[in-house]
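Student: There's a structure below that I have some questions on.
The values are calculated or read from the model by the stated rules, or taken from the named source; none is laboratory data. Everything numeric here is computed off the predicted structure, so don't read it as measured data. Reconstructed Cβ throughout: ideal geometry from the backbone, glycine too, with neighbour counts over all protein chains shown. Surface accessibility is based on the protein's heavy atoms, side chains included, excluding ligands, DNA and RNA. Shrake-Rupley method; radii C 1.70, N 1.55, O 1.52, S 1.80 Å.
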Amino acid sequence: MKALLLDHRAGRRVLPLAVAAVVLLPLAMAFPGAGSWPAALTVDLSGPLGRAGDWIIDNRDGHPLFLYFFGHVSNAVVVSVRAVYVVLLAAGWTGVTALAGLIALRLAGLRLAVTCVAAFAACGLLGMWVPTMQTLALMVVAVAASVVVGALLGLAAGLSPRAGRALRPVLDTMQVLPAFAYLLPMVLVFGIGVPAAVLATVVYAAPPMARLTALGLREADAGVLEAAASLGATGRQRLLTARLPLARRQILLGVNQAIMMALSMAVIASVIGAGGLGDRVYQALASVDVGAALAAGIPIVLLAVVLDRTADAAGSRLGIGPPHSSRQHLLRRVFAGWYGRLLTVLTAVAAAVAGRMAGTSLWPESWTVPIAEPVNRAVGWMTDHLYSGVPVVGGTADWAARFTGWILDPLRSGLQATPWWLLLLVVGALGLLAGTWRTAMTAVLALAAIGVLGVWEPSLDTLSQVLAAVAVTLVLGFAIGVGAARSARAQRLLRPVLDVCQTMPQFVYLIPVVALFGVGRAPAAAAAVVYALPAVVRITAEGLREVNPAALESARSLGATGSQQLRQVQLPLARPALLLALNQAVVLVLAVVIIGGLVGGGALGYDVVLGLAQGDLATGLVAGAAIVCLGLMLDRVTQPAKEA
């Protein structure tokens, strides 16, 4: 029997589950209950965490660790951000706008240059010039630090297989954690303010830089490296003259990803005192002022689009020679070449000086176009006419109430009524189906840790929102993805929409759903759906388009209809891509559901916000640890599937 179980694949999968059942059943008999985690198996960490927080606060100004390490780090961050901010203010709106437009002109041409100038002008017109510069200053410092940290980690992982194996699970875990989970440890050490916000942003943005740098170094052409070695180049010379130049494209892609993730985190970090545009959105959402939130949200979107397009254009230029001068625009020819760089700087300085001489270093107040009031009037009209009582379809508030009453509440009640040991077994079974016994063990331990932390009920509330939002996302995403894969016109129409949606920070998605649905758990789930949908659509469409054309041609030759080709050929062959879409949907939805605590989503997100707002670090840290465990569990039961 033992040999049969160990030799047979199914037996090897079932055996760990049987062992888990043997371990859990006595515990279930010893701690019966409808669904709540047994109080005897919880560990109250609020006391130790509260004392640790008090110790850190009491010793922040006197302990050598804070005086000679964390203090210097904090001061360096503050000085750097202030220096960049002062430079931006000194350049004025004319200098900053001119420099951004000229850089875009050199990298991508006149169209992107006009887009950059229009985007910065829009920030001024909306009355958000100073908050935009605050966010930009924080971004510059955070991106620079995350690129340096990520590049160093990537060098270690790319040059040393042992370091790569050690860093891989750390980077995997960091990339699936919701952004909120990074805030509390930084607040605990550095307190509320810019240093904690910048360092949380650095930690959040560094993993993609490290991963792509390591990938570029590992995939360097072996023939080129062998040729360099045969010429007697040392390891350092091979790194500087062969590996790094060959990995430039991946490294620049890492910089692009670091910029986008830094912007997303810099906006979210407004809840711990980052200031800037995120703080305006946060304050507006707290008072349900949709107009003010939109006025600050539009610059965030514009900043994301401009930074993404500029970094993408810089990456696309690598390895490609400049186009012939006869095919370049006159302005681009003027600013091309090495002298073009000097001319760019001189022109920007001249624009800044001209702006200061005209007395308009800051965007003139008379040039602003306030949109908060008209937007709030429009929201008021929607509240009066579209929230409820719309004939046939009902209002948006009715939809939110039905989604809450018909789906979220029953799902939450069902999860909370399910015996805790049965949930552990179900998670273990899903882990075994998705991967190995290690996967199942990690997922089970992560879920059990949530119970031990004493936040079982709110965690299952969060899980119910995630499951409901993921289900809606997959239904919509698969349907739209199939349509995009089967229609070239639909694909062309969707591409710019998906590009813009995938560059927008998570925080921005809360604004339209609050305007449409108000506050509560349903709006938080709706924001999560909208945020995760573009990734699911893109992965699904790409997976279906990459199906072997020979298999499709064979199906057509046998007389299969379009529906039969989709069900019997395309979907089965695109299974890895669909499973990857599931994994990404889970990770992205969880991130926004947690942030949804800001707009009445409750559960773990609310605990984190409450802990930050009231200085109750114990509550916030316990909720943050539960978020980490929940993210780890959800990722483990879906991540191995994408490698299938």
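Student: Please indicate, with yes or no, whether at least one residue in the stretch 494-509 is open to solvent by 20 Å² or more (accessible area, probe 1.4 Å), in contact (Cβ under 8 Å) with a residue 24 or more places away in the chain and part of a loop (DSSP other than H, G, I, E, B).
Tutor: yes
Student: Please work out if G395 is open to solvent by less than 20 Å² (accessible area, probe 1.4 Å) and touching a Ser or Thr at 6+ places or on another chain (Cβ under 6 Å).
Tutor: yes
Student: Looking at A525, is it open to solvent by less than 20 Å² (accessible area, probe 1.4 Å), hydrophobic (A, V, I, L, M, F, W, C) and at pLDDT 80 or above?
Tutor: Taking the combined requirement at face value, the residue satisfies it.
Student: Counting only residues that are among the aliphatic types (A, V, I, L, M) and either open to solvent by 60 Å² or more (accessible area, probe 1.4 Å) or within 11 Å of A485 (Cβ to Cβ) (or both), how many does the stretch 551-570 have?
Tutor: Looking only at that region, the number is 2.
Student: Now for a different question. Is it true that some residue in the stretch 254-269 is farther than 21 Å from V143 by Cα and in a helix (DSSP H, G or I)?
Tutor: Checked against the condition, which is being farther than 21 Å from V143 by Cα and in a helix (DSSP H, G or I), the stretch 254-269 yields no hits at all.
Student: Tally time: how many residues in the stretch 116-171 are of a type in the set (V, I, T) and more than 23 Å from Y204 (Cβ to Cβ)? If you could, list the steps in order and put the result at the bottom.
Tutor: If we filter the stretch 116-171 for residues that are of a type in the set (V, I, T), which is where we start, we get 117, 130, 132, 135, 140-141, 143, 147-149, 170.
Filter once more, keeping what is more than 23 Å from Y204 (Cβ to Cβ): 117, 130.
Residues that pass the stated criteria total 2.
Student: Hey, among S80, S146, which residue is under 30 Å from R165 (Cβ atoms) and either open to solvent by less than 60 Å² (accessible area, probe 1.4 Å) or of a type in the set (V, I, T) (or both)?
Tutor: The match here is S146.
Student: If you don't mind, another one. Hey, can you tell me all the residues within the stretch 191-208 that are at pLDDT 80 or above and either over 14 Å from the mean Cα position of the chain (by Cα) or among the small types (G, A, S) (or both)?
Tutor: G193, V194, P195, A196, A197, V198, L199, A200, A205, A206, listed by residue number.
Student: Now for a different question. Report, by residue number, each residue of the stretch 559-574 that is small (G, A, S) and either without any contact (Cβ under 8 Å) to a residue 60 or more places away in the chain or at positive phi (or both). Full working, then the answer.
Tutor: Let us first name the residues in the stretch 559-574 that are small (G, A, S), namely 559-560, 562-563, 574.
Those that are small (G, A, S) and either without any contact (Cβ under 8 Å) to a residue 60 or more places away in the chain or at positive phi (or both): G559, A560, S563, A574.
Student: Further question: How many of the residues in the stretch 277-305 are more than 19 Å from the chain's Cα centre (by Cα) and part of a helix (DSSP H, G or I)?
Tutor: Residues of the stretch 277-305 that are more than 19 Å from the chain's Cα centre (by Cα), as a first pass: 280, 283-296.
From what is left, the residues that are part of a helix (DSSP H, G or I) are 280, 283-286, 290-296.
So the answer is 12.
Student: Out of the residues in the stretch 165-198 meeting the condition of being open to solvent by 10 Å² or more (accessible area, probe 1.4 Å) and in contact with a Gly (Cβ under 7 Å, 6 or more places away or on another chain), tell me which one is nearest to G50 (Cα to Cα).
Tutor: Residue satisfying both the conditions and the ranking: L188.
Student: Something else: In this structure, does A585 turn out to be of a type outside the set (K, R) and more than 30 Å from A401 (Cβ to Cβ)?
Tutor: The answer is no for A585.
Student: For W338, are the conditions met, namely being of a type in the set (F, W, Y) and modelled with pLDDT of 75 or more? Outline the logic, then answer.
Tutor: Working: of a type in the set (F, W, Y): yes; modelled with pLDDT of 75 or more: no.
When the stated conditions are applied, W338 does not pass them.
Student: From G601, G605, grab the single residue that is in contact with a Ser or Thr (Cβ under 9 Å, 6 or more places away or on another chain), open to solvent by less than 50 Å² (accessible area, probe 1.4 Å) and not in a helix (DSSP H, G or I).
Tutor: Numbers: G605 fails: not in a helix (DSSP H, G or I).
The conditions single out G601.
Student: If I ask for residues that are buried (at least 22 other Cβ atoms within 10 Å of the Cβ), more than 27 Å from the chain's Cα centre (by Cα) and under 17 Å from A352 (Cβ atoms), which ones from the stretch 95-123 would you list?
Tutor: G95, V96, T97, A98, G101, L102
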